[in-house]
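Visitor: Take a look at the following structure, please.
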Amino acid sequence: MSILIIADIKNNQINPATAELFTAANIIAKDITTPVYLLIPCNDAKITSNYRPDVTTIVIGMGIYHYNAPGLSKAIASIAHDIEAHYIIGLHTPFTIDFLPSVSIEYNAHCVTQVHTIEYDEHLTLARGSYSGKLDQFVSIVDDKPVVASITPGSFDEYGAKDADDLINKVIEINIDTAIKQWCTFIISENKDSSLDEADIIIGVGKGIGSKDNLTLIYNFAKFFPHSAVAGSRIVCDYGWLPYSKQVGITGKSISPKVYIACAISGSSQHIAGIKGAKTIIAINKDPYAPIFNVSHYGIVEDIFTFIPQFLEYIQRL
Amino acid sequence: MSIPYKILVCIKQVPDVNAKIYLEKTKPYYDEKTVYVINRYDEYALEEALQIKDKGLTHYIHTISSGPERVQKALRRSLEMGADEAYHIVTGDDDCAIPYYVARCITEFAKKEYDIIFTGVMSQDAMNQQTGQLIASIMGYNYATGVTSIQTNDDEITVTRELDAQTSMQYVLKIPCVVTVQSSSTMPRYPSLSNVLRAKKQHIDIIKPIMSSQVQYHSFYTIPQKTTECEFIQGSTDQKVVELYNILHRNGVV
């Protein structure tokens with residue numbers, strides 16, 4: 001029995017959050033002698049860090065530009081079979097979630113997605129966010145079938161990574177034979193908006209803002225802080241109230257400002273995964289049960305439309 | 001030649017996002033006042049299909065949904081938006097049906113009949129984000145997930161899928177294929193009056209599920225644990241304003 005970790009690929013590199021999967025694997029393993037393998041889904045991703053010297057790294061002999069989900073999932077299932085993997089884990093990102101569920105079909109395994117907590121009761125139990133973050137679903141694996149799981153980024157501590165220079169572990173390259181020849185083009189948006197990376201304080205806004213015009217309130221709020229930026233949940237960008245470069249969450253940006261203020265954001269797990277890096281999280285929401293308060297350091301139960309104007313009035317008098 | 005395309009759109013009916021959710025022992029439930037709607041992402045999936053129809057490339061959009069009788073309201077809505085036929089797989093009132101089971105029911109219905117099968121990228125409630133991938137793998141179809149734009153070209157389609165705020169990926173899928181659709185700036189349409197009138201007369205076909213929902217794993221629900229002890233700022237609005245200013249000051253942003 002072994003554990004297979006799938007490295008996530010981001011901008012032609014291994015996503016640093018892959019380190020969190022080693023922590024998750026340790027919890028699953030129980031026994032430290034359980035072999036752990038790291039699989040890199042393409043052979044042109046830069047390996048920037050070494051996670052565990054005892055881990056065998058398997059590289060799929062295919063460039064990312066030939067990525068195709070059915071071929072990759074078949075290859076992973078076949079590798080999993082060879083190394084007798086009982087657990088296959090990857091990050092819950094748009095890249096990895098594209099093929100991970102298919103691995104479960106090819107490998108006849110359970111598939112549990114968006115997992116944020118792993119524990120052993122009588123059985124292995126995986127907790128996953130659901131119902132827009134309002135409830136956690138606990139899934140107990142009661143049979144002997146293998147398990148494929150996607151782990152929400154930011155849920156586990158990063159396993160201490162070292163420089164890739166002392167990569168003393170074994171690297172095996174496996175060539176795959178795929179029936180589908182695919183050529184993928186990666187499109188990097190030219191509008192390199194780095195405002196969310198540089199800001200000390202980010203004001204996040206949810207659907208509750210109601211309209212694009214109402215955003216003036218948020219901009220006025222943000223203006224008060226010297227190094228600030230305004231961000232939004234996905235739906236705010238879908239409505240065209242903010243550009244997609246300002247979207248925070250799994251399908252958008254992950255942010256790490258000094259302070260994040262969530263205004264009228266309910267706090268779906270998709271959004272929360274993007275704000276975990278913020279040092280201090282403050283939520284303003286009129287619903288005291290909004291899931292955003294579960295991850296906030298400070299909570300203010302108020303309607304933003306009355307609270308923010310009053311705040312602006314106060315600071316003008318200072 | 002695949003034109004006219006045969007298209008299937010998989011639809012889930014979900015409680016409105018603002019619906020109050022209760023826990024009865026360890027299962028979620030909603031009260032009678034709850035408004036049910038088409039899953040947001042499935043509406044975007046249906047919109048992509050309807051845009052293919054607008055171009056005259058199909059007159060064959062079927063929608064399918066599994067669940068209790070109430071899901072027929074969502075199917076009716078899909079007809080009003082412009083779908084041609086609707087199919088209802090009758091199952092119990094189980095909001096948290098296992099994705100593998102739903103995928104098996106749909107693939108059993110779809111057989112090899114369709115050129116493109118659309119789903120939303122995930123459901124708003126269960127958020128499993130795997131049913132589309134499972135359908136594709138069971139059928140042995142190529143697929144793409146999180147798609148925000150589609151260009152059709154005879155027996156292949158070009159899809160753009162989003163990876164993050166900065167990066168997307170574009171490639172060609174041979175038909176037959178499965179596409180899961182992410183929300184985007186392409187807003188799903190409102191039903192036209194003529195479609196609403198037409199949909200009134202349409203019949204929704206009832207399908208029996210191919211197998212009983214086998215329990216694959218045990219599952220229970222709880223209120224999420226706090227990962228942070230949230231300090232709620234108390235007092236009047238004025239006092240909260242002052243306290244927020246103090247917190248921001250302590251954190252060095254003012």
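Visitor: Just the number, please: percent antiparallel of the DSSP beta bridges in region A:1-120, rounded to the nearest 5.
Guide: Antiparallel: roughly 15 percent of the beta bridges in region A:1-120.
Visitor: Here is a further query. Note down the net charge around B:Lys33, summing +1 for each Lys or Arg and -1 for each Asp or Glu among other residues with Cβ under 11 Å from its Cβ.
Guide: -2
Visitor: Oh, and also: Work out Dmax and Rg for the protein assembly as shown from the C-alpha atoms and quote the Rg first, both in angstrom.
Guide: Rg and Dmax of the protein assembly as shown, Cα atoms, are 23.7, 72 Å.
Visitor: Please report the equivalent ellipsoid semi-axes of region B:1-160, computed as sqrt(5 x eigenvalue) of the Cα gyration tensor, largest first, in whole Å.
Guide: So the three semi-axes of region B:1-160 are 28, 16, 14 Å.
Visitor: Another question, if that's okay. Name the long-range amide H neighbours of B:Ile89: under 5 Å, sequence gap of 5 or more, or other chain; modelled H, no Pro or chain starts.
Guide: Answer set, sorted by chain and number: B:Ser65, B:Ser66, B:Gly67, B:Ile207.
Visitor: Another one. Please list the equivalent ellipsoid semi-axes of region A:2-178, computed as the square roots of five times the alpha-carbon gyration tensor eigenvalues, in descending order and whole angstrom.
Guide: Listed largest to smallest, the semi-axes of region A:2-178 are 24, 18, 16 Å.
Visitor: Could you run the Karplus curve 6.51 cos²θ - 1.76 cosθ + 1.60 with θ = phi - 60° over region B:59-66 and give me ³J(HN,Hα) per residue in whole Hz, x for Gly and Pro?
Guide: Here the 3J(HN,Hα) series is 9, 9, 9, 9, 10, 9, 8, 10 Hz.
Visitor: Let me ask something else about it. Round to the nearest 10 and give me the degree value, 0 to 90, for the angle of helix A:304-317's Cα axis relative to the longest principal axis of chain A.
Guide: Orientation of helix A:304-317: about 60 degrees from the principal axis.
Visitor: When only C-alpha pairs under 8 Å and at least 6 residues apart count, what is the relative contact order of chain A, in percent?
Guide: 15
Visitor: Calculated FRET efficiency, A:Ile188 and A:Asp44, Cβ-Cβ r, R0 22 Å, to nearest 0.05?
Guide: It comes out at approximately 0.90.
Visitor: Along the Cα→Cβ direction, 7 angstrom out, place labels at B:Ile210 and A:Tyr65. What is the inter-label distance in nm?
Guide: Inter-label distance under the simple model: 4.0 nm.
Visitor: State, to one decimal in nm, how far the label point of A:Tyr239 lies from the label point of A:Glu119, with both points 7 Å from Cα in the Cβ direction.
Guide: About 3.7 nm, to one decimal.
Visitor: Angle check, please: helix A:69-82 long axis (alpha carbons) against the longest principal axis of chain A (alpha carbons), in degrees 0 to 90, nearest 10.
Guide: 50
Visitor: How far apart, in nm, are the 7 Å Cα→Cβ label points at B:Asp155 and B:His203?
Guide: The answer from the label model is 3.5 nm.
Visitor: Mind pulling the per residue volume of the convex hull built on the Cα atoms of region A:195-317? Å³ is fine.
Guide: 90
Visitor: Quick one: of the DSSP bridges fully inside the protein assembly as shown, what percent are antiparallel, nearest 5?
Guide: In the protein assembly as shown, DSSP labels about 35 percent of beta bridges as antiparallel.
Visitor: Nearest 500 deg cm²/dmol is fine: what mean residue ellipticity at 222 nm does the protein assembly as shown get from its DSSP H runs of n ≥ 4 alone, each adding -39,500 (n - 2.57), divided by its residue count?
Guide: Numbers: 15 runs with 145 residues, N = 572.
Helix contribution divided over all residues of the protein assembly as shown: -7500 deg cm²/dmol.
Visitor: According to the square roots a ≥ b ≥ c of the eigenvalues of the Cα gyration tensor, what is the shape class of chain A, taking rounded for a/c under 1.5, prolate for a/b larger than b/c otherwise, and oblate for the remainder?
Guide: prolate
Visitor: Within region B:18-41, what residues put their amide N at less than 20 Å from the label point 7 Å along the Cα-to-Cβ vector of A:Asp303?
Guide: B:18-20, by backbone N distance to the label point.
Visitor: Follow-up. Multiplying the sequence separation of B:Val196 and B:Val17 by 0.36 nm and subtracting their Cα-Cα distance, what value in nm do you get? Before the final figure, lay out the partial values.
Guide: Numbers: separation 179, 0.36 × 179 = 64.44 nm, distance 2.45 nm.
Gain on extension, B:Val196 to B:Val17, equals 62.0 nm.
Visitor: Further, regarding this structure: Pull up all non-local amide H partners of A:Thr117: gap of 5 or more, or a different chain, and H-to-H distance under 5 Å with H placed in the peptide plane.
Guide: A:Ala127
Visitor: At most 15 other Cβ atoms within 10 Å and a DSSP loop assignment: could you name the GluC sites (Glu not before Pro) in region B:77-158 that fit?
Guide: Within region B:77-158, the qualifying GluC sites (Glu not before Pro) (loop, at most 15 other Cβ atoms within 10 Å) are B:Glu113.
Visitor: For the pair B:Lys112 and B:Val90, what calculated FRET efficiency results from E = 1/(1 + (r/R0)^6), where r is the Cβ-Cβ distance and R0 = 22 Å, to the nearest 0.05?
Guide: Efficiency at R0 = 22 Å is approximately 0.40.
Visitor: Which residue fluctuates most in the GNM of chain A (Cα springs below 10 Å): A:Ile275, A:Ile88, A:Ile28?
Guide: Its mean-square fluctuation being the largest, the pick is A:Ile28.
Visitor: Right, next: So what is the diffusion coefficient of region B:108-212 in µm² per second by Stokes-Einstein at 10 °C and 1.306 mPa s, using a Kirkwood Rh over Cα pairs?
Guide: Taking Rh from Cα pairs, D becomes 100 µm²/s.
Visitor: In addition: So which GluC sites (Glu not before Pro) in region B:1-63 end up in coil per DSSP with only 16 or fewer other C-beta atoms within 10 Å?
Guide: Numbers: sites: B:Glu24, B:Glu32, B:Glu43, B:Glu47, B:Glu48; in loops: B:Glu32.
The qualifying sites are B:Glu32.
Read the figures in this text as sums done on the coordinates, not as results from a lab. This structure is a prediction, so every number in the text was calculated from the model and none was measured. All Cβ positions, glycine included, derive from the backbone under ideal geometry; neighbour counts span all protein chains shown.
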